[in-house]
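Reviewing the structure listed below.
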Amino acid sequence: MRELADVLRETLPGRATDATRRSAEALRDTYRSGSAPATLAIADAASAAAYAAYRMPATRAAIARALASLVPLWETTDPPRTHLDLGGGTGAAVWAAHGLWPGARSRVLDASEPALALGRRLADASGDAGLAATEWELTRLAPGTRLPNADLTTVSYLLGELSPELAGEVVGACLASSRVLAIVEPGTPRGYAAVLAARERVLASGWRLLAPCPHATRCPLAPGDWCHFSVRIQRSALHRQLKDAELGHEDEKFSYLVAIAPEVAGVPGAEQRAAEPPESRVLRHPLTRKGLVQLRLCTPEGTVRDEIVSKRQGPRYRLARDTDWGDTFPAT
Ligand SMILES: C[S@@+](CC[C@H](N)C(=O)[O-])C[C@H]1O[C@@H](n2cnc3c(N)ncnc32)[C@H](O)[C@@H]1O
């Protein structure tokens with residue numbers, strides 16, 4: 001598979017046009033407004049190009065991080081054969097999924113024809129037969145939507161564009177049709193709230209959380225705090241122009257969950273995982289001082305605590321030193 005950055009550089013205009021600049025500003029205003037857009041945000045070719053240039057590399061990287069938690073499961077059992085991507089837009093999740101499971105057959109549902117059209121062009125240029133075989137379907141998710149069955153369903157940066165009622169229905173439909181579900185939202189209080197609402201439905205349906213939570217009890221974060229992670233991406237020249245940005249990189253903050261259906265929890269790979277020693281989740285950038293590493297951890301008991309690991313602890317210290325925000329860390 002070719003690099004997404006190279007394909008974007010070849011497919012999109014080399015320099016920001018007035019139309020893509022205006023579209024990027026409009027998209028930014030929509031996403032910053034903190035409420036679901038009244039009409040589709042990606043409404044024409046210029047806004048699809050702007051989205052692909054300044055959002056898609058970041059959403060793809062965030063989804064890839066979330067999906068990485070499924071690698072141990074699908075190393076020991078059959079990898080996903082079918083992948084459904086809801087509100088898939090220009091195909092960020094398809095690129096992320098095919099980077100890990102090239103044999104998957106993907107299907108993208110989205111209400112924006114310009115986003116789907118650009119997604120198809122990018123996938124065709126990927127040099128990857130599986131990715132190019134993706135089906136792109138114009139579909140508006142609405143109350144009562146039923147979904148096709150899939151081994152893996154991804155829902156990235158979509159729930160915030162729906163009313164809370166419709167978002168709940170969409171998650172419910174995923175739980176009825178899929179075996180594994182990955183949801184990614186912006187790493188903001190609002191994105192976290194959407195993930196938390198989905199988490200309640202997931203647990204109420206008897207599904208098991210694989211990540212990021214190491215427990216299935218109430219989220220222990222204090223009011224005003226929100227669970228989110230970060231991934232660094234390089235900005236292209238067009239990306240920098242559209243954002244009037246100088247730095248060559250940016251950090252995408254995201255909230256997410258990955259969950260498996262009860263029947264998947266019984267397969268050998270999943271049971272093996274369940275038998276592994278419990279692990280906590282690192283919730284912040286570790287703080288390092290001379291001979292000490294301080295980790296903020298969400299624990300298997302459903303608590304948040306700070307652990308200070310000192311050099312005297314030998315292997316645990318070396319492990320802590322190599323641990324990053326978002327990683328797991330042995331609970332004991
Ligand atoms: C922020 S974009 C996310 C695109 C892609 N999933 C990603 O992570 O980059 C939201 C996408 O959801 C689509 N969308 C919004 N409401 C929708 C609906 N009711 N049914 C289907 N697609 C919808 C939009 O057209 C847009 O492509």
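The values are calculated or read from the model by the stated rules, or taken from the named source; none is laboratory data. Nothing here was measured: the structure is a model prediction, and the numbers come from that model. Don't worry about glycine lacking a Cβ; one is built from the backbone with ideal geometry, like all the others, and counts go over all protein chains shown.
Residues that are part of a strand (DSSP E or B) and within 13 Å of the ligand (Cβ to nearest atom) within the range 108-136 comprise Val108, Leu109, Asp110, Trp136, listed in sequence order. The residues of the range 142-161 that are over 20 Å from Ala62 (Cα atoms), in a loop (DSSP other than H, G, I, E, B) and either within 13 Å of the ligand (Cβ to nearest atom) or not basic (Lys, Arg) (or both), listed by number, are Ala142, Pro143, Gly144, Thr145, Leu147, Pro148, Asn149. Can we say Ala97 is assigned to a helix (DSSP H, G or I), closer than 26 Å to Glu10 by Cβ, in the same structural domain as Val180 (by TED's automatic domain parsing) and within 12 Å of the ligand (Cβ to nearest atom)? For Ala97, the condition - assigned to a helix (DSSP H, G or I), closer than 26 Å to Glu10 by Cβ, in the same structural domain as Val180 (by TED's automatic domain parsing) and within 12 Å of the ligand (Cβ to nearest atom) - is met. For the criterion of being modelled with pLDDT of 95 or more, more than 8 Å from the ligand (Cβ to nearest atom) and either more than 14 Å from the chain's Cα centre (by Cα) or within 24 Å of Leu257 (Cβ to Cβ) (or both), Ala16 fails.
Among the conditions (1) more than 9 Å from the ligand (Cβ to nearest atom); (2) assigned to a helix (DSSP H, G or I); (3) touching a strand residue (DSSP E or B) at 6+ places or on another chain (Cβ under 7 Å), the only one that Arg28 does not satisfy is (3).
Every test in (1) more than 15 Å from Val180 (Cα to Cα); (2) within 16 Å of the ligand (Cβ to nearest atom) is passed by His83 save one, and that test is (1).
Against the criterion of being over 25 Å from Ala150 (Cα atoms) and under 19 Å from the mean Cα position of the chain (by Cα), Ala97 does not qualify.
Could you tell me whether Arg190 is within 18 Å of the chain's Cα centre (by Cα) and surrounded by fewer than 20 Cβ atoms within 10 Å (Cβ to Cβ)? So Arg190 fits the description; yes.
Screening the range 220-332 for helices (runs of 4 or more DSSP H) wholly inside it with 1 or more residues that are over 29 Å from Ser178 (Cβ atoms) returns the ranges 237-243, 315-321. Within 10 Å of the ligand (Cβ to nearest atom), at pLDDT below 95 and assigned by TED's automatic domain parsing to the domain that holds Ser205: does that describe Thr139? When the stated conditions are applied, Thr139 does not pass them.
Annotation: of all residues in the range 43-80 being among the aromatic types (Phe, Trp, Tyr) and either in contact with a strand residue (DSSP E or B) (Cβ under 8 Å, 6 or more places away or on another chain) or within 16 Å of the ligand (Cβ to nearest atom) (or both), the one that is modelled with the highest pLDDT is Tyr51. For the criterion of being more than 8 Å from the ligand (Cβ to nearest atom) and either assigned to a helix (DSSP H, G or I) or among the hydrophobic types (A, V, I, L, M, F, W, C) (or both), Leu40 fails. The residues of the range 120-149 that are over 22 Å from Ala261 (Cα atoms), touching a residue at least 60 places away in the same chain (Cβ under 8 Å) and within 21 Å of the chain's Cα centre (by Cα), listed by number, are Leu122, Ser126, Leu131.
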